[in-house]
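Please read the structure below before turning to the comments.
The values are calculated or read from the model by the stated rules, or taken from the named source; none is laboratory data. Keep in mind it's a predicted model, so treat the numbers as computed, not measured. Cβ placement follows ideal geometry from the backbone for every residue including glycine, while neighbour counts extend to all protein chains displayed.
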Amino acid sequence: MNTRRILTGGAIVVSGALALAACSSGEDTSSSDASGELDYAGETLVVTSFGGDWETAFVKAVVEPFEADTGAEVELVTLYSGDALAQITAQAASPQIDVVHFSGGQEYTAAADGLLEPIAADELANSGDLIEVAAAGLDRGEGPVIQLAPIGLVYNTESGAPAPTSWLDVFDEAYAGHVALTDFSNTYGVLSMLRVSDALGGGIEDPSEAINELGALAADGDAIVVPTSPDLQTAFAQRDTWLAPYAMDYAGTLIDAGLPVEFIVPEEGVTASLITSNVVAGRDNPELAKLFVDYELSPEAQAVFAEEMRYSPVNTTTEVSGDAADAVLTADDLAEVVVYAPAEIAEGRTAWTDEWNALITG
């Protein structure tokens, strides 16, 4: 297990967001003194991280300010979503993690299994400023969405092919032999397929046509299939890819790498990959853990996520500067974002994947 510790000094006067969050719980805390300071020195939160560039931005956006404001120590443990769910499940009788992040809808299962501490909206100072989808899971016992990666079409602007306008353009002859699809082992592949299915009329209820049509592209050599984000970068850089359904944040990564790509919102609209922050049930410091989650939702943290990782802010008061101001979708842009119910994806994903694998490996 890869574990990282980040240490800071003692507590200082708490920011307005933290102070409000402390009051909103309606509880008197012995950690608050008469000066209004919050002093959690000596307390530790164990928080999961996805590592890499995500962790670098996360430390800057959340961990360092949180430690400075509270005096608490944050211990980061690198765990991807599936492994994180398996770990908190195995540790249910004696949990060792305080805050767990999920990017594949695992919060639905974790909440249903009683592994998460419910968070009430009034326990989050930032809840009133969130876009609707960010707080939608609170009523199900899930944590809020802290990062949102819109999924649309990534287009090679130097390809000579016309810019795509629809999810169905993946089938257009103009791009034949130059399309990259994402494998269903990657949630981006499943979400993209569902948007294609919506455009074809099958929706999430009957995506077989979309799976068959996309599988035929791969089988006929009109598309390649990539499993991961680095593989997609290789596809655009070395394999003459012109079009790929994928996430906006990674389009930013490709642009930063010098590749001539653009993220395009199809006329049918985007879907999104959601990263949630969840408090694990059964730990002895849920108030501090919820304070940490609230900090992730602050406009300051959201600005860092947008500017350094091209995530769309979920806090409507976020002010984004620099190149990201024009590169990320805002709350108004996301008013029509299509978000699929985690339960429905979980119910169908195994069958969809089996159908997909039979087509691309057969």
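Scanning the range 47-62 for residues that are surrounded by fewer than 20 Cβ atoms within 10 Å (Cβ to Cβ) and of a type outside the set (Asp, Glu) yields Phe50, Gly51, Gly52, Thr56, Ala57, Val59, Lys60.
One line per residue, one yes/no per condition, for (1) modelled with pLDDT under 95; (2) outside any loop (DSSP other than H, G, I, E, B); (3) among the hydrophobic types (A, V, I, L, M, F, W, C):
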| residue | (1), (2), (3) |
| --- | --- |
| Gly9 | yes, no, no |
| Ala41 | yes, no, yes |
| Glu67 | no, yes, no |
| Leu76 | no, yes, yes |
| Gln87 | no, yes, no |
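Somewhere in the range 236-249, is a residue closer than 23 Å to Thr56 by Cβ, outside the structural domain of Ser49 (by TED's automatic domain parsing), in contact with a Pro (Cβ under 6 Å, 6 or more places away or on another chain) and crowded, with 21+ Cβ neighbours inside 10 Å? Looking for residues that are closer than 23 Å to Thr56 by Cβ, outside the structural domain of Ser49 (by TED's automatic domain parsing), in contact with a Pro (Cβ under 6 Å, 6 or more places away or on another chain) and crowded, with 21+ Cβ neighbours inside 10 Å, one finds at least one in the range 236-249, hence yes. Does Tyr175 satisfy being of a type in the set (Phe, Trp, Tyr) and farther than 25 Å from Ala306 by Cβ? Taking the combined requirement at face value, the residue satisfies it.
All of Ile119, Ile151 fail the test of being buried (at least 20 other Cβ atoms within 10 Å of the Cβ) and assigned to a loop (DSSP other than H, G, I, E, B), apart from Ile119.
Residues of the range 325-334 that are among the aliphatic types (A, V, I, L, M) and free of Cβ contacts under 8 Å to residues at least 60 places away in the same chain: Ala325 alone.
Here's the yes/no breakdown for (1) of a type outside the set (D, E, K, R); (2) farther than 21 Å from Pro299 by Cα; (3) assigned by TED's automatic domain parsing to the domain that holds Glu43; (4) within 15 Å of the chain's Cα centre (by Cα):
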residue: Asp53; (1), (2), (3), (4): no, no, yes, yes
residue: Glu73; (1), (2), (3), (4): no, yes, yes, no
residue: Tyr80; (1), (2), (3), (4): yes, yes, yes, yes
residue: Thr89; (1), (2), (3), (4): yes, yes, yes, no
residue: Gly104; (1), (2), (3), (4): yes, yes, yes, yes
residue: Thr109; (1), (2), (3), (4): yes, yes, yes, no
residue: Leu116; (1), (2), (3), (4): yes, yes, yes, no
residue: Ile119; (1), (2), (3), (4): yes, no, yes, no
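Selection of the range 342-351 for residues being of a type outside the set (Asp, Glu) and over 15 Å from the mean Cα position of the chain (by Cα) yields Ala343, Ile345, Ala346, Gly348, Arg349, Thr350, Ala351. Please verify whether the range 264-281 includes one or more residues that are surrounded by fewer than 23 Cβ atoms within 10 Å (Cβ to Cβ), more than 20 Å from the chain's Cα centre (by Cα) and free of Cβ contacts under 8 Å to residues at least 12 places away in the same chain. Looking for residues that are surrounded by fewer than 23 Cβ atoms within 10 Å (Cβ to Cβ), more than 20 Å from the chain's Cα centre (by Cα) and free of Cβ contacts under 8 Å to residues at least 12 places away in the same chain, one finds none in the range 264-281, hence no.
The single condition among (1) on the phi > 0 side of the Ramachandran plot; (2) surrounded by 14 or more Cβ atoms within 10 Å (Cβ to Cβ); (3) at pLDDT below 95; (4) not acidic (Asp, Glu) that Gly71 does not meet is (3).
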